[in-house]
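Structure record follows, encoded as structure tokens.
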Ligand SMILES: Nc1nc2c(ncn2[C@@H]2O[C@H](COP(=O)(O)OP(=O)(O)O)[C@@H](O)[C@H]2O)c(=O)[nH]1
Ligand SMILES: [Mg+2]
């Protein structure tokens, strides 16, 4: 799962990247041909902590997401725009977007208006792409009427300036557009990058409503403050948070929100060697879960032994789970549920 950080020049995108990943910006590192710099973020997960403690696991492996920071294109310096549009071609194959809205000393942008103008650019890029495809299939007699109709529907929507996130598409239409990478359809979170003193302040109801109406959610993050936290050891971090009147970094909450927004669920494999969290899309099966762990396990899949996290948490041991009849045997078509703890029987 890849999430790109977008926004204006100087909005604090690289600082947000630093705050989320602990990776300090390297000046010029991502410039030139390779403009995207990936970093991993670990998803905090109390259920995984519980499994680690209960099994006495030697190792804990949380789910990770990839975020990408983009270097500016020096040939296209455009001051003051809400979005660095040279990023647009780089974000087509991403799964989600974090949209940074700056609200710190020296750069202060109004939330709803900034989101609106950034989304406007995404909508415009999608419109342009849909129009170009339409032109091509008008000339091509073999193109299907279905695709033409689907494109017309999309173009009409985009002409009204609305993001595709809000347009209902049938599974067949989605299939038609699967390679388009429509930008205004990607799940997105607005990140208000503010000073630490303002981080605890609430987004107003009116603002939140305006953002949600576009299918986005919104979070505050004091990115510069949280980036600094990474430079300290654990004790130093605790002290710095305490001084700021916080009990935990805000990044964990933001990452959890992003995870939910992506429509992901978590399943677990757990035992004494390790407690491991894995992610799947809602609707994925036991066979998909097996493939996530290892392709050999998927190939040799026999069956899955599954217990829900709630049942395990109540009984606290494999033996008791079995005794209570809470261990289910499932086939490869079983639709995985969030929190399932799974053991897959397979032969190679
Ligand atoms: N005071 C303050 N400065 C920030 C904050 N976030 C970013 N900056 C500063 O704003 C400038 C641009 O930040 P950067 O992350 O490089 O922006 P980018 O161009 O979007 O990647 C840098 O000088 C940062 O130190 C913040 O939360 N507070
Ligand atoms: Mg940057």
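Please treat every number below as a calculation from the coordinates, not as lab data. Every value quoted in this text rests on a predicted model; they were computed, and no experiment measured them. We place every Cβ from the backbone using ideal geometry, glycine too, and count neighbours over all the protein chains shown.
Annotations
- Between segment 328-346 and segment 286-319, the alpha-carbon center distance in angstrom: 5 Å
- Under the criterion of Cα pairs below 8 Å and six or more residues apart, the relative contact order for segment 296-348 equals 62 percent.
- Fraction of beta bridges assigned by DSSP in the chain that are antiparallel (%, nearest 5): 50 percent
- Rounded if a/c under 1.5, otherwise prolate or oblate - segment 283-346, Cα gyration tensor axes: prolate
- By other beta-carbon atoms within 10 Å, ranking 184, 179 with the fewest at the front produces 179, 184.
- Ellipticity at 222 nm from helices only: DSSP H runs of n ≥ 4 in the chain, each -39500 (n - 2.57), divided by the residue count, give -11000 deg cm²/dmol.
- Here the relative contact order of the chain, from alpha carbon pairs under 8 Å that lie six or more residues apart, stands at 19 percent.
- Residue 170 versus residue 49: modelled label distance in nm, points set 7 Å from Cα along the beta carbon direction: 4.8 nm
- Of 346, 225, the sequence from fewest to most neighbouring Cβ atoms within 10 angstrom is 346, 225.
- Distance in nm between pseudo-label sites at residue 302 and residue 95 (7 Å out along the Cβ direction from Cα): 3.1 nm
- In nm, spacing of pseudo-spin labels at residue 73 and residue 343 (7 Å Cα→C-beta vector): 5.4 nm
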